[in-house]
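Below is one structure, written out as structure tokens; comments come after it.
Coordinate-derived values only; no laboratory data. Predicted model only: the values in this text are computed from it and were never measured. Backbone-built Cβ (ideal geometry, glycine too); neighbour counts: all protein chains shown.
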Number of protein chains: 2
Amino acid sequence: FSTAEIPDDEDTFKILIATDIHLGYLEKDAIRGNDTYNTLNEILQCAKQNEVDFILLGGDLFHDNKPSRQCLHKCITMLRKYCMGDSPVRFEILSDQKVNFNTTQFPWVNYQDENLNISIPVFSIHGNHDDPTGAEGLCALDLLSASGFVNHFGHSHSVEKIEISPILMQKGITKLALYGLGSIPDERLYRMFVNKQVSMLRPKEDQDGWFNLFTIHQNRSKHGPTNYIPEQFLDDFLDLVVWGHEHECLIKPTLNEQQLFYVSQPGSSVATSLSPGEATKKKIGLLRVKGRKMKLQEIPLKTVRQFFIEDVVLADHQDCFTPDTPHVTKKIEDFCFAKVTEMLHEAERERLGCPLTPEKPLIRLRVDYSGGFEAFNTSRFSQKFVDRVANPKDIIHFVRRREQKEIKDENSIDYGKLFKPTAVEGLRVEDLVKQYFEAAEQKVQLSLLTEQGMGKAIQEFVDKDEKEAIEELITYQLRKTQLHLQSRGVTTEQDIDAEVKERAKAHRLERGDGDFADQDVLDVTMDSDEGSVPVAAPTRGRGRGSRGRGGRGRGRGESDKEMQ
Amino acid sequence: FSTAEIPDDEDTFKILIATDIHLGYLEKDAIRGNDTYNTLNEILQCAKQNEVDFILLGGDLFHDNKPSRQCLHKCITMLRKYCMGDSPVRFEILSDQKVNFNTTQFPWVNYQDENLNISIPVFSIHGNHDDPTGAEGLCALDLLSASGFVNHFGHSHSVEKIEISPILMQKGITKLALYGLGSIPDERLYRMFVNKQVSMLRPKEDQDGWFNLFTIHQNRSKHGPTNYIPEQFLDDFLDLVVWGHEHECLIKPTLNEQQLFYVSQPGSSVATSLSPGEATKKKIGLLRVKGRKMKLQEIPLKTVRQFFIEDVVLADHQDCFTPDTPHVTKKIEDFCFAKVTEMLHEAERERLGCPLTPEKPLIRLRVDYSGGFEAFNTSRFSQKFVDRVANPKDIIHFVRRREQKEIKDENSIDYGKLFKPTAVEGLRVEDLVKQYFEAAEQKVQLSLLTEQGMGKAIQEFVDKDEKEAIEELITYQLRKTQLHLQSRGVTTEQDIDAEVKERAKAHRLERGDGDFADQDVLDVTMDSDEGSVPVAAPTRGRGRGSRGRGGRGRGRGESDKEMQ
């Protein structure tokens, strides 16, 4: 297919694409409390003004698994205001709706409910923040589903097997197959892909006549060897993947050259961490699909609070000060003051003529004070910007780049301890698992187990005693061992990625080595998953990829991936 | 007006009346978990089958102020299922809807919303369990309101002044003025009535042409001198009061002979405590109003779990055992076993042919073991009924009637300590308040302050330093002092009730002395209010009116008012 211009006509699907709205994030903050509400309002308004056929959300509509009453009330109010009305919905659904919409007693699309006058149907998968919990497996989205305001789809109820059945839609000549998969712990989903437990169903007839759109809410950037979903795992018949969860706006579709599909990563509509990826201009997309052609129009959001981030390396300013300069700490503070003031001016200039943009920007200055400098008192510094910055308390972030390699990551697992050859011999797999968990720090265990269901999945391996499950576990543990070996000197990812490659090859093409491995982890924003496994990422000798700071207690979504 | 037969015709309002559904009560209980859901389903089904014009709920639709996701999901699902559809709503609303429905951005009745196809509008005030909280003053009901499933009315936003504006409805020739007042802490509302801060507005024209229906959710039985709302406080132009909050089903309208209005107390549709009032057969009402005539048809609920309660006084069975009988405790246990078995048989007989009634009944045997008997081991006893009773763990309740007077109520305040003449002289009112709280036990303070806003109201007195507020406080404290004096020997309620009488007199008639003072507190069920002030009720020498057991930790709604 091409990406030529597409007219708005009776054959063209117009789809508003957004993700990670994180409604309710910091709702109690005096300054930023309304940010997410204002932006959802803008997004819905935009959908209405553009007379889209539907809205597609890539998960994390809510920031909290249990949104506050206020948050639900505001969300319901906005959906009722913007998505109900007399404008007719001009596309049909051809697939079995009971299969697509299976989380309420109303297993049909909301706009075909004769008791609801829906003008803009919203289709949403759930994210990791608003994922289903409890015995009933309900998520916050399901309250909106039951009320008829949202069509929650892509909820897989099995941990054994995932079959993704598309919502088959037709508008004029255009046939759209909408696939969705709600958030699943990355490691588990990775494993399920490897074990061929994930399949995407296709319509039996006229397979090539469909535009295949897939929405997913997973790590796209490589946080660990199996803690992300390689694009190559996804079926190559897809045309466009809308990738949620990653907060950096990379909405412009990029071609995956192996699979020959495009990936659009809209990014969050609110910065939930002060990391570089969140500083990218926030946008949503207006996707037009006609026949098998598509065009994605980028729409910058106006209500999003500005966020500026800059790095300062003190050692690079020897003309101004060295650690021996008299009153050097005061000089550094003045230097930073000037920097932040400059950033504020830049923010102000940029905000000119944008009445919807909040006045106070988010400012982050990362100060690398390695080389003998000392940190200054940030609380006094904050005072100076209390009326001008939305985040006065954490403008300055002191980091030490040079020393970083020496810092022992308190969350890291000593794999050497786990897999001593003497220990492995004669032990059953179950014992290995036990040993693994015993050796790992309590903290790491928790971190491993937090992601909902992950612990359960591992438990199942142990309990079930199935041949397949044990094989799988061995693969899993082997991968960890390989990683350990690698961290002792092996610099290629050859072994680690063998399986990934194989899978990709099985699909169609040989694996190129550019897309994931080479990206600069510093520039990749990711949503902070409490449960992501803090293994050292294969860093190709850069030594900057380790995480493990998620437990600092700065609140969910704020564990920046920054220089330390 | 009369209570003659009323035909179902185009002039007749058919209103389903229910209250205190307590949705979600014990939802995690393996046996009773679905009780409230089943009963809401029955109530809504009944409304639909009877083609009522609307449903009127008297508060506490939800048991928890923050209902679980499951609870909200089930509620929304049922409302959407039963209250939406094509049956037309055949009455009009004549009043300003912005005034009546003021808790959402959709200030109009749901059935007139062109985007919602409502067949049965639900009108509800909030109760004390689901009352508004937080800065936004939203309650769980408001989520349903915002979604368009319920019309939440009777929410007064002021603590200074309450003006109750009726929803004016017309069907054919019948004009119905529906008044409502959501739950307010009793003591505060009592005070506001006394201070003439509560008023009910009336239509300007044709005042006598309206049937005036009022829904309120307060203590109706006298829990303390000002901890209830005397019927005499309510305006005499009313025709019918639907009284929520009290759990005993007294749905048959009773005439208040002073005010000449009727009061119907539907009672809860689930037993939230094992007290006698909850054992009354649970019913809802089908109210027909034509012109100024009304008729209330009682509808027994089929899905409600049976509840049997009996009292046993061991000392009354001297033919069977005395404290000196060998193995007396075993004999008592056998005796109780026989009693409970008999009650189970009775339950079984009664349940015959009622497939909707849950199999296991609630059983409570109150055993008065005063006179030298000893309590037996109830956990062993419970084991025997684990498969037959819904509440095996708390079937037996040992009480001591005779010793009760001597039991020092740990929550009671020693008013003597508070108001020593020497202390009162020369102190400012603020000091008195301080002294009052300092002298009272921490526990009592909490109990006093729990009722939402009560503490705030008292704080306001202290802070505002207004002449009126101080006067009011003095009245309030005087009342307590009077009560103290009374507890030392004064047996008439003359002083205490002077104000009540005055108010009633100001209305129309002299106060009769039967309705409230003489009722046997033992037989009055009340919903347990954590915050009700545990003052000794004027007991007329019976010595059984004291409460003060709310803090026993048996959970909200379970602090029975029983013999001890």
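Numbers at a glance
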| item | result |
| --- | --- |
| Contact order relative to length of the stretch A:173-314, as percent, for alpha carbon pairs under 8 angstrom and 6 or more apart | 20 |
| Packing-based exposure ordering (other Cβ within 10 Å, fewest first) of A:SER268, B:SER145 | B:SER145, A:SER268 |
| Protection proxy ranking, peptides B:332-342, A:113-123, average beta carbon neighbours within 10 Å, highest first | A:113-123, B:332-342 |
| Packing-based ranking, highest mean first, of B:19-26, B:293-300, A:159-166 given that Cβ atoms within 10 Å are counted | B:19-26, B:293-300, A:159-166 |
| Spin-label model distance (nm) - B:LYS281 vs A:LYS196, 7 Å beyond Cα toward Cβ | 6.6 |
| Calculated label separations, A:GLN105, copies of the chain, 7 Å along the beta-carbon direction, nm | 2.9 |
| For residues of A:143-153, the mean tally of beta carbons on other chains within 10 Å | 4 |
| Inter-copy label distances at B:LYS196 (7 Å, Cα→Cβ; nm, one decimal) | 8.7 |
| Positive dipole terminus of the stretch A:127-283, leading residue within A:LEU168, A:ASN219, A:VAL263 (C-beta point charges) | A:VAL263 |
| Charge tally in the Cβ shell below 13 Å around B:GLU348, where Lys, Arg are +1 and Asp, Glu are -1, B:GLU348 excluded | 0 |
| Förster radius 25 Å - calculated FRET efficiency between A:ASP334 and A:LYS393 (Cβ-Cβ, nearest 0.05) | 0.80 |
| Per-peptide average of other Cβ atoms within 10 Å, ordering B:312-324, A:237-249, A:302-314, A:89-101 highest first | A:237-249, A:302-314, A:89-101, B:312-324 |
| Estimated distance in nm for a label pair at B:GLU348 and A:CYS320, the labels positioned 7 Å out from Cα along Cα-to-Cβ | 8.9 |
| Exposure proxy ranking, count of Cβ atoms within 10 Å, fewest first, for A:LYS282, A:LYS66 | A:LYS66, A:LYS282 |
| For residues of B:174-183, the mean tally of beta carbons on other chains within 10 Å | 0 |
| Averaged over B:65-77, number of beta-carbon atoms from partner chains that fall within 10 Å | 5 |
| Inter-copy separations for A:ALA338, label at 7 Å along Cα-Cβ, nm, ascending | 10.0 |
| Total charge dipole magnitude, the stretch A:92-219, about the Cα centre, Cβ charges on Lys, Arg, Asp, Glu only, Debye to nearest 20 | 320 |
| Least to most buried among B:PHE381, B:PHE211 (fewest other Cβ within 10 Å first) | B:PHE381, B:PHE211 |
| Label-point gap, in nm, between A:SER95 and B:GLU310 - each point 7 angstrom along Cα→Cβ | 6.1 |
| About the Cα centre, charge dipole magnitude for the stretch A:95-170 (Lys/Arg +1, Asp/Glu -1 at Cβ), debye | 100 |
| FRET efficiency, 1/(1 + (r/R0)^6) with R0 45 Å, evaluated for B:ASN102 and B:LYS295 via beta carbons | 0.90 |
| Nearest-to-axis residue of chain A, judged by beta-carbon position, where the axis maps A onto B, in Å | A:SER147, 2 |
